[in-house]
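The values are calculated or read from the model by the stated rules, or taken from the named source; none is laboratory data. Bear in mind that the values here come from a model prediction, so they are computed numbers and not experimental data. When we count neighbours, we look across all protein chains shown, and the Cβ atoms used for this are built from the backbone with ideal geometry, even at glycine. Accessible surface areas use protein heavy atoms only, side chains included; no ligands, DNA or RNA. Shrake-Rupley method; radii C 1.70, N 1.55, O 1.52, S 1.80 Å.
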Amino acid sequence: MDFKYIGKNIERPDAVKKVTGKSQFVDDIKFPGLLHAAILTPERAHARIVSIDTKDAGSSEGVVRVVTGKGCGFRFGDNVKDRTPMAVDKVLYTGEPVAAVIARNPHQAKQALKKIKVEYEPLPVYTDALDALKKDAVLLHENSGEYWHLPGIGPVAGTNIADRYTLKKGDVLKGFEEADETVEGEFIYPFGSCAAIEPHGAVAWFHEDNTIEVWSSSICPFVIREDLAHTYNVPVSDVRVHIPEVGGCFGYKSDVTIEQTVAYLASFVPGHPVKWILSRKEDFISSLIGHGIRTRMKIGAKKDGRLTAIKAEVYHSTGAFVDTGLHVMRGSTHNSTGTYEFPNCLLEGYSVYTNTPPIGAFRGYGHQESQFAVERLMDILARKLGMSPFELRDKNYLGPGKKTALGENLWETNGDVKKCADIVRKAVFSSKKPKEDKEYYYGRGFSASMKSPKGAPFSSKGCYLKFNVDGSVSINMGGAEVGQGLRTVVRQIAAETLKIAPERIRVYTEIDTQFSPWEWQTIGSMFTIQGGKAVYRAAIRAIEKLKQTASCVLKCDIDMLEYDGDYVFLRSDPSVRVPVPSLARGYMTDDGITIGEVVQTTADARLPRYSNPDANGQGSMGVTYTFGAQACELRIEKKTGRIIIDHFASSFDVGRVINPRQIRGQVVGGVMIALGASLYEELRFSGDGKALNPVFSKYRFANLKDAPLRQTVEFVETPGEIGPYGARGIGEHPLIGVAPAVLNAIYDAVGIDLYSIPVTPEKMLKAIEEKGKGK
């Protein structure tokens, strides 16, 4: 199929404002009478609050109010209501708000905060799920069994288990009995931070008419709106949430984070807007973090390489609250089979309360953590079977006629992982590997990957589309632009469907729940699939409205008409036509009588038949998959243990490329994030729960010097059935296969199997030295 705008590079509609510094972010928002909050966090990660002395702080210059959690009578959460806006009676992690000063300016608030005195009674601290699961472990939430939760999920009373999930397919015991070989291991994906360039921030305003207004750097405005309406017992229509430009997300702005805290503070000073912009340290420890997943996995196969069974246990150190983390665990668990068909599965996941910041989304949403395990074990199993890792994988890839662990049937329109694997195999493995020399070891590694959306059955994305009097088009949606380029996607899909130039389409620049169409959250790499489909549907409906009016004007049946972007015309005689601008607001006849509707349409789109899990943990919970493959060539410096990525190759079956330049940027950027996780990044905690490196100077990112010397990025286009023009999601997928590809390459280079990341130079050098000593 030939396209005029799909598959082409067009400029981002928001580019000029961003590069000229004219985009408005939440910290740019100012109002008369604006107050500022400063937050006190505890010195201890787990302790009872004995007393809080706020007297001196309350009498300080510029201070309007000092607030604590004492008397707070509500908990909040969309899945499990286990969260409070401020600590009540005890603290559960070092980033938890204990007290807040509301003052005329930020300096006054911070100075007064220093005068607050808190006395604590220490309690045992657990930063790892396995420690919190021990029989003698103290409960973090003594009353967790009383928390409201959605059906089928939630805490196990009397334990630190915050949620658990089990998936059963076939007979796993029989599957391992049939196996000729088995391999197993424990794999650790540590804590990390999304650490977007813009930290979290929010403004909350309780108006005198009992309405509530919020500005936030979040990407879930409608969730915030409903959450606050429920908390403060007002109609949802009386809560208005604005989302200005968002300076990056990578996951951790996709849930309610600080908004409830800022709203709680603002409720004490009605009539005044209250702002809290997190410092970088606060953004690390007082919002949401990611990962913290330990995967124990065993897989079995016949001698010919056919997989027979998999058993996985996913232990998620979910932090002080589980509401934002439980679906990360669940996604990690049921996607732990990766790109392979296992006839027999037993997959178990546990979210466990720990004295660390709450876990939320991190780009990849649980997929990379458990697929790290299965992809490492596939290489190890291949060696044990005496097979090529490619041959073993080829025998077991999911594809048409196969069933996922969830029990979903796959078809050709779900994509072709084998084609992706062949592309990266040719890019990386077609030439001879360099031989070891005086300075370096050389290695090459491969990994396949897949990602499902991990959304919700009711999730939908809406579109408002309006033709203007000159034939130009305005589009309003609820999807948050966080740098991924969704406005460009909206423009291109609309342009292709409406057959007009992208420059004639103006896309929204902010979200306002009073005017924007409803959208659940901008998550799961679903905007192109769902949001793009909503745009397509709204455009088709607009064309139908144009034709309906034109049929009255031209006095013919509607099915006799065609539309080309400029005119609606008679198919049998194109000279009989009406210009689109004449139809946009209805057609005005010579005597002034106007006929037809104003051309403004709405549409939405959700994933078809998306379900909750059944009694076996299975169900239609994937629906649409994007498959891919990645491989790398690396060097290990003998003197230092430093790992240098010479070449990284990625290929994904995205169904249809909407914008080549933009999609390549998604992949290249995603690879860089995952290389950081593989080789450098880790948010570390001491035994007493204190974050050791919650600042950029100590939290090691991958930077430009760490980038692969070369990146190969190619796409397969097997059109899907759900997204517009066959497109599938790609936003998170480039991260998933990076860590196992790197660690498989490390084994190829030095013959050492590693089971945790990051593989820092110190860790690599130590492993090489220990191997040399025969350990």
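Give PRO734, PRO694 a once-over and let me know the one that is in a helix (DSSP H, G or I), touching a helix residue (DSSP H, G or I) at 6+ places or on another chain (Cβ under 7 Å) and in the same structural domain as ASP646 (by TED's automatic domain parsing).
Details: PRO694 fails: in a helix (DSSP H, G or I).
Within the list PRO734, PRO694, the selection yields PRO734.
Go over the candidates THR589, THR601, THR640 one by one and state the one that is farther than 30 Å from HIS733 by Cβ and free of Cβ contacts under 8 Å to residues at least 40 places away in the same chain. Give the derivation first.
Details: THR601 fails: free of Cβ contacts under 8 Å to residues at least 40 places away in the same chain; THR640 fails: free of Cβ contacts under 8 Å to residues at least 40 places away in the same chain.
Going through THR589, THR601, THR640 in turn, the sole match is THR589.
Could you look through the range 39-97, keep only residues that are closer than 21 Å to LEU140 by Cα and without any contact (Cβ under 8 Å) to a residue 40 or more places away in the chain, and pick out the one that is nearest to the chain's Cα centre (by Cα)?
THR84
Considering each of LYS311, LYS303 in turn, give the residue that is in contact with a strand residue (DSSP E or B) (Cβ under 6 Å, 6 or more places away or on another chain) and either of a type in the set (Ser, Thr, Tyr) or outside the structural domain of ALA47 (by TED's automatic domain parsing) (or both).
Details: LYS303 fails: in contact with a strand residue (DSSP E or B) (Cβ under 6 Å, 6 or more places away or on another chain).
Answer to the selection: LYS311.
Among the residues of the range 246-260, are any touching a residue at least 60 places away in the same chain (Cβ under 8 Å), more than 16 Å from the chain's Cα centre (by Cα) and open to solvent by 10 Å² or more (accessible area, probe 1.4 Å)? Before the answer, list the steps.
As a first pass, look at the range 246-260 and keep what is touching a residue at least 60 places away in the same chain (Cβ under 8 Å): 246-257, 260.
Retained after the next criterion (residues that are more than 16 Å from the chain's Cα centre (by Cα)): 260.
In the following step, the residues that additionally are open to solvent by 10 Å² or more (accessible area, probe 1.4 Å) were identified as none.
No, the range 246-260 contains no residue that is touching a residue at least 60 places away in the same chain (Cβ under 8 Å), more than 16 Å from the chain's Cα centre (by Cα) and open to solvent by 10 Å² or more (accessible area, probe 1.4 Å).
Go through (1) open to solvent by 60 Å² or more (accessible area, probe 1.4 Å); (2) within 35 Å of the chain's Cα centre (by Cα) and name the single condition SER572 misses.
(2)
Identify all residues within the range 450-468 that are within 21 Å of ILE493 (Cα to Cα) and among the charged types (D, E, K, R); write none if there are none.
LYS461, LYS466
Hey, any hits in the range 708-726 for a residue that's under 19 Å from the mean Cα position of the chain (by Cα), among the polar types (S, T, N, Q) and open to solvent by less than 30 Å² (accessible area, probe 1.4 Å)?
no
Being in contact (Cβ under 8 Å) with a residue 60 or more places away in the chain, touching a Lys or Arg at 6+ places or on another chain (Cβ under 9 Å) and either in a strand (DSSP E or B) or surrounded by 19 or more Cβ atoms within 10 Å (Cβ to Cβ) (or both) narrows it down to one of VAL671, VAL623, so name that one.
Working: VAL671 fails: touching a Lys or Arg at 6+ places or on another chain (Cβ under 9 Å).
Among VAL671, VAL623, only VAL623 is in contact (Cβ under 8 Å) with a residue 60 or more places away in the chain, touching a Lys or Arg at 6+ places or on another chain (Cβ under 9 Å) and either in a strand (DSSP E or B) or surrounded by 19 or more Cβ atoms within 10 Å (Cβ to Cβ) (or both).
Can you give me the ranges of the strands (runs of 3 or more DSSP E) entirely in the range 29-94 with at least 2 residues that are within 25 Å of ALA229 (Cα to Cα)? Show your work before the answer.
On the way: elements: 35-40, 47-53, 63-68.
Fully inside the range 29-94 and qualifying: 35-40, 63-68.
Out of (1) open to solvent by 60 Å² or more (accessible area, probe 1.4 Å); (2) at pLDDT below 95, the odd one out for ARG48 is which?
Evaluating ARG48 over (1) open to solvent by 60 Å² or more (accessible area, probe 1.4 Å); (2) at pLDDT below 95 leaves (2) as the failure.
With the structure loaded, tell me whether GLY617 is of a type outside the set (A, V, I, L, M, F, W, C), open to solvent by less than 30 Å² (accessible area, probe 1.4 Å) and part of a strand (DSSP E or B) or whether it fails that test.
On the way: of a type outside the set (A, V, I, L, M, F, W, C): yes; open to solvent by less than 30 Å² (accessible area, probe 1.4 Å): yes; part of a strand (DSSP E or B): no.
Judged against the criteria, GLY617 is not a match.
Might you let me know whether the range 329-344 holds any residue that is farther than 23 Å from GLY676 by Cα, of a type outside the set (A, V, I, L, M) and assigned to a strand (DSSP E or B)?
Quick first cut of the range 329-344, residues farther than 23 Å from GLY676 by Cα only: 330, 333-334, 337, 339-344.
Filter again for of a type outside the set (A, V, I, L, M), leaving 330, 333-334, 337, 339-344.
Subsequent filtering for residues that are assigned to a strand (DSSP E or B) retains 340.
Yes, some residue in the range 329-344 is farther than 23 Å from GLY676 by Cα, of a type outside the set (A, V, I, L, M) and assigned to a strand (DSSP E or B).
Tally the residues that are farther than 29 Å from THR261 by Cα, in contact with a Pro (Cβ under 8 Å, 6 or more places away or on another chain) and among the hydrophobic types (A, V, I, L, M, F, W, C), restricting the search to the range 1-49.
So the answer is 1.
Scan the range 575-586 for residues that are open to solvent by 60 Å² or more (accessible area, probe 1.4 Å) and more than 14 Å from ALA542 (Cβ to Cβ) and jot them down.
SER575, ARG577
Consider THR589 carefully, then state whether it is over 29 Å from GLU369 (Cα atoms), open to solvent by 20 Å² or more (accessible area, probe 1.4 Å) and modelled with pLDDT under 95.
Answer is yes for this residue.
In this structure, does VAL262 turn out to be under 24 Å from ASN105 (Cβ atoms) and aliphatic (A, V, I, L, M)?
Working: under 24 Å from ASN105 (Cβ atoms): yes; aliphatic (A, V, I, L, M): yes.
Yes; evaluated as a whole, the condition is true for this residue.
Could you list, in sequence order, all residues of the range 1-38 that are within 26 Å of the chain's Cα centre (by Cα), within 30 Å of GLY655 (Cβ to Cβ) and loosely packed, with under 15 Cβ neighbours inside 10 Å?
Within the range 1-38, ASN9, GLU11, ALA15, LYS18 meet the criteria.
Would you please name the residue that is farthest from the chain's Cα centre (by Cα), looking only at residues in the range 448-473 that are open to solvent by 10 Å² or more (accessible area, probe 1.4 Å) and polar (S, T, N, Q)?
Across the range 448-473, the extreme among qualifying residues is ASN468.
Report, by residue number, each residue of the range 177-210 that is of a type in the set (Phe, Trp, Tyr) and open to solvent by less than 40 Å² (accessible area, probe 1.4 Å).
If the condition is that a residue be of a type in the set (Phe, Trp, Tyr) and open to solvent by less than 40 Å² (accessible area, probe 1.4 Å), then PHE187, TYR189, PHE191, PHE206 are the ones that fit.
Looking at the range 126-176, which of its residues are open to solvent by 60 Å² or more (accessible area, probe 1.4 Å), under 30 Å from LYS384 (Cβ atoms) and in a helix (DSSP H, G or I)?
LEU173, LYS174
Does LYS22 fit the bill of being charged (D, E, K, R) and modelled with pLDDT under 95? Step through it out loud before you land on a result.
Working: charged (D, E, K, R): yes; modelled with pLDDT under 95: yes.
When the stated conditions are applied, LYS22 passes them.
In the range 170-203, what residues are under 18 Å from ASP283 (Cβ atoms) and among the small types (Gly, Ala, Ser)?
Our first condition is that a residue be under 18 Å from ASP283 (Cβ atoms); within the range 170-203, this holds for 191-203.
The answer is GLY192, SER193, ALA195, ALA196, GLY201, ALA202.
Run GLU121 past the list (1) more than 30 Å from GLY33 (Cα to Cα); (2) surrounded by 15 or more Cβ atoms within 10 Å (Cβ to Cβ) and report the number of the one that doesn't hold.
Failing condition for GLU121: (2).
Mind counting the residues in the range 632-656 that are in contact with a Lys or Arg (Cβ under 9 Å, 6 or more places away or on another chain) and surrounded by fewer than 24 Cβ atoms within 10 Å (Cβ to Cβ)?
8
Report the residue count in the range 733-766 for those that are without any contact (Cβ under 8 Å) to a residue 24 or more places away in the chain and among the aliphatic types (A, V, I, L, M).
Taking the range 733-766 and keeping what is without any contact (Cβ under 8 Å) to a residue 24 or more places away in the chain, we get 751-752, 754.
From what's left, among the aliphatic types (A, V, I, L, M): 752, 754.
Residues in the range 733-766 being without any contact (Cβ under 8 Å) to a residue 24 or more places away in the chain and among the aliphatic types (A, V, I, L, M): 2 in total.
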